[in-house]
1. Considering only DSSP beta bridges with both partners in the chain, what is the antiparallel share in %, to the nearest 5?
2. Given contacts defined as C-alpha pairs under 8 Å and at least six residues apart, what's the relative contact order of the chain, whole-number percent?
3. Report P(r) for the chain: all Cα-Cα distances, bin width 5 Å, range 0 to the bin holding the largest distance, values in whole percent.
4. Counting Lys and Arg as +1 and Asp and Glu as -1, what is the net charge of the other residues whose Cβ lies under 13 Å from the Cβ of Val86?
Amino acid sequence: MDEMADIKSEIKGVVKKGRVVYGSRSVVSGLLNDNPKLIIISSNCPSENREEIIYYSKLSNTPYESVDIDSIELGSICGKPFPVSVMGVIDAGESNILNEV
């Protein structure tokens, strides 16, 4: 459980100090343009979106992580009033999220 708390705090840090994109369309668009450094996929992301994102992640050699956090909780961690099923880290800022995952 301590590892999950670390991931949550790193997500909060990257949202505050770094640059992220939310949503499957934005993430896929970023993967096609070689922007994100890491993709975070929620536990209840729709399977067709998950498969498409994993496919493009592998093509662009971008690491991805399926976390055991649902989209509502991920949205809450990100400080958003809506569910976030997928997020892409463009710039990690001062966060160590790239090393944590």
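1. Numbers: 8 of 11 bridges.
So the antiparallel bridges amount to about 75 percent of the total.
2. Working: 177 pairs, mean separation 44.2, N = 101.
Worked out over the chain, it gives 44 percent.
3. 3, 14, 27, 28, 20, 7, 1
4. Working: positive: Arg25, Arg50, Lys80; negative: Glu48, Glu51, Glu52, Glu65, Asp70.
Overall, the nearby charge balance is -2.
Every number in this text was worked out from the coordinates using simple rules, so none of it is lab data. Keep in mind the model is a prediction, meaning the values are calculated, not measured. Heads up, the Cβs are rebuilt from the backbone with ideal geometry, glycines too, and the neighbour counts pull from every protein chain shown.
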